[in-house]
Amino acid sequence: MGDSVDVFNVGRFSLSEESRSKEKVTPVATEDKNAVKVGQVVEKYGYQYLWTTMHISVSELETWRTLGDDVADSAVQSDLETRHKSTSEQSQKCRRAEDLLTRLKGKCQRREGNKPDDGYDEAKQFMESLALPDWVDWERVRRGQLFFLKHLVGASTCLLHISLIGGFGAPKINKVLNSTGYLASAPESTFKRLVETIQMISDCMGDGALQKGGVGWNSVARVRLLHAAVRVRLKSQPKWDMHTWGLPINQEDLFVTTLAFSQVVLNGLERIGSTLTTSHEDMEDYLHLWRVIGHLMGVQPALLQRMESLWGAQAALESVVLHLVEPDASTRRLANHLIASMVGRLPTGRSEMEMAGLTRRLMGNHYADAMGIPVVNDPVLLSTIDKRLAGMRAIPQMMTIPFIGNALTIFTKWGLDKWIILNLGGRRSSFGLSYPPSDLQRARSEAESNPPSCIFASVGFSGWKEVVEQERWIGGFPFLE
């Protein structure tokens, strides 16, 4: 699978032979990162790439960290104020029965003539921001959806082991996760949050899903409002260090997330070897799909334009790697906690060490070492991992067989949706928080009833309960109930 278990970017994303012979720089300090020049080769945790004019400077990325999603924030803040003004018990019960997106739609629909309706302007602006731009090509979106379903097993594996686990290598982003408890709570809750993330992705993969009012369109809008709700509350907290961490869930964070679900997955599939015969155009169709999702998520057009081409998206990914990736103690704690939360889960039922071994294979040894992922030396286990990767390479080829491929695609989507509903207790998520982050008593109870495994306790997971008590400090979210 790929050229090396040490270098992350392989295949079409690897360095040219000429560039490999150049001296490599590994900047750490901010001033050194800003000093990287066009033509230099950057090496960071096994990721090697040539810096070009297509890359984004650290100073520009820092500017994006000061920007959020004003339209969504205003809608959330207005809704919160409206709910506070509503004093009747019946009105409060009605509002609790609706999710935030439904309430915003209702405000727009209930407007009659000049009759005032608190929050109408903010709701209208938010709904208008969900209008799809002229550059959307629905045929390319459809091909991008089919690409994901064709590579579902490999793509979902990359999402877990590289995009999500590997994403913990950015401590600034971890601050939001630790502060809200998202993917940082007890194993059962963490697994549920992960399944909800998969639901949002799956919702975007059906025919017409991203058109106005489609299931994917609604799900992405709800996740966007969840981000806004977290941002509104976090930025008002004295403990949030705006100067050091930037605005909570800022534009760089949103863009990184979009890249993690798109360009990082393409890098991972290249490592697996399942895209060796895939054209650039097919990959760019998948990027186009996520560019549309990114628009609905509130990512600024200037950032999304970098996803027009495969190499523009790759340069953007390499830029944020230089800027954000600096694994620390929170990295190791969150990464191994997510691995432990997935142990034994269907459909794979993987063991802890198999999860660790697969993570190392997919992200490369250099990065895995920095992340604190255990080293796996068991030859039987390594052979099992190799067989799983071989299966991931074979499935996309089966999808190309006439009739069989179409049937497999339909069955794949159906099976994914059934698995999601099963693991969410029989009903779909509306993308709210399961309980207020200030509910430390419940968090402690979950931690005590779901202790970490002994294997991962040895690599830093043992401090989990202390993290819950020390960092989940932001207070409740009454407007998400």
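Odds and ends about this structure:
- Check on LEU440, assigned by TED's automatic domain parsing to the domain that holds ALA329, within 30 Å of ARG224 (Cβ to Cβ), at pLDDT below 50 and touching an Asp or Glu at 6+ places or on another chain (Cβ under 7 Å): yes
- Tally, over the range 323-345, of residues that are in a helix (DSSP H, G or I) and either farther than 17 Å from VAL42 by Cβ or outside the structural domain of LEU159 (by TED's automatic domain parsing) (or both): 14
- Test: VAL320 is in a helix (DSSP H, G or I), at pLDDT 95 or above, more than 15 Å from THR157 (Cα to Cα) and in the same structural domain as GLU188 (by TED's automatic domain parsing): yes
- ASP253 farther than 20 Å from MET399 by Cβ, in contact with a helix residue (DSSP H, G or I) (Cβ under 8 Å, 6 or more places away or on another chain), of a type in the set (D, E, K, R) and part of a helix (DSSP H, G or I): yes
- Residue within the range 330-346 that is within 30 Å of THR53 (Cα to Cα) and of a type in the set (S, T, N, Q) present: no
- Against the test of being buried (at least 19 other Cβ atoms within 10 Å of the Cβ) and within 16 Å of LEU362 (Cα to Cα), the options GLY46, GLY11 yield a single qualifying residue, GLY46.
- Residues that are within 22 Å of ASP70 (Cβ to Cβ), of a type in the set (A, V, I, L, M, F, W, C) and out of contact with any His (no Cβ under 9 Å at 6 or more places or on another chain), drawn from the range 122-146: ALA123, PHE126, MET127, ALA131
- Within the range 1-58, considering residues that are of a type outside the set (A, V, I, L, M, F, W, C) and touching a Lys or Arg at 6+ places or on another chain (Cβ under 7 Å), the one nearest to ALA313 (Cα to Cα): GLN48
- If only residues of the range 225-265 that are in contact with a Phe, Trp or Tyr (Cβ under 7 Å, 6 or more places away or on another chain) and of a type in the set (A, V, I, L, M) are counted, the one that is nearest to ILE385 (Cα to Cα) is LEU226.
Yes/no per residue for (1) out of contact with any Pro (no Cβ under 9 Å at 6 or more places or on another chain); (2) under 30 Å from PHE13 (Cα atoms); (3) buried (at least 20 other Cβ atoms within 10 Å of the Cβ):
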{"residue": "HIS227", "(1), (2), (3)": "no, no, yes"}
{"residue": "LYS235", "(1), (2), (3)": "no, no, no"}
{"residue": "THR244", "(1), (2), (3)": "yes, no, no"}
{"residue": "GLU252", "(1), (2), (3)": "yes, yes, yes"}
{"residue": "LEU259", "(1), (2), (3)": "yes, yes, yes"}
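- ALA407 falls short of the stated requirement of being in the same structural domain as ILE198 (by TED's automatic domain parsing), at pLDDT below 95, part of a helix (DSSP H, G or I) and under 26 Å from ASN9 (Cβ atoms).
- Subset of the range 41-63 [in contact (Cβ under 8 Å) with a residue 40 or more places away in the chain and β-branched (Val, Ile, Thr)]: VAL42, THR52, ILE56, VAL58
- Residue selected from the range 44-88 under the condition in a helix (DSSP H, G or I) and in contact with a Ser or Thr (Cβ under 7 Å, 6 or more places away or on another chain), by the criterion farthest from MET371 (Cα to Cα): VAL71
- Meets criteria (within 17 Å of the chain's Cα centre (by Cα), farther than 16 Å from LYS172 by Cα and β-branched (Val, Ile, Thr)) for VAL265: yes
- Taking the criterion of being surrounded by 12 or more Cβ atoms within 10 Å (Cβ to Cβ) and in a helix (DSSP H, G or I), the residues of the range 15-43 that qualify are SER19, ARG20, THR30, ASP32, LYS33, ASN34.
- Residue among THR400, THR359, THR348, THR384 that is of a type in the set (S, T, N, Q), surrounded by 12 or more Cβ atoms within 10 Å (Cβ to Cβ), outside any helix (DSSP H, G or I) and assigned by TED's automatic domain parsing to the domain that holds ASN267: THR348
- Residue match in the range 258-275 (condition: within 21 Å of PHE126 (Cα to Cα) and touching a Lys or Arg at 6+ places or on another chain (Cβ under 9 Å)): yes
- Residue satisfying all of: in the range 211-234; without any contact (Cβ under 8 Å) to a residue 60 or more places away in the chain and assigned to a loop (DSSP other than H, G, I, E, B); nearest to VAL141 (Cα to Cα) among these: GLY214
- Condition met for GLU281 (acidic (Asp, Glu), outside the structural domain of LYS33 (by TED's automatic domain parsing) and under 17 Å from the mean Cα position of the chain (by Cα)): no
- Among the residues of the range 140-174, the one identified as under 15 Å from the mean Cα position of the chain (by Cα) and aromatic (Phe, Trp, Tyr) is PHE168.
The values are calculated or read from the model by the stated rules, or taken from the named source; none is laboratory data. Source: prediction; values computed, not measured. Note that each Cβ is placed from the backbone with ideal geometry, even for glycine, and that neighbours are counted across all protein chains shown.
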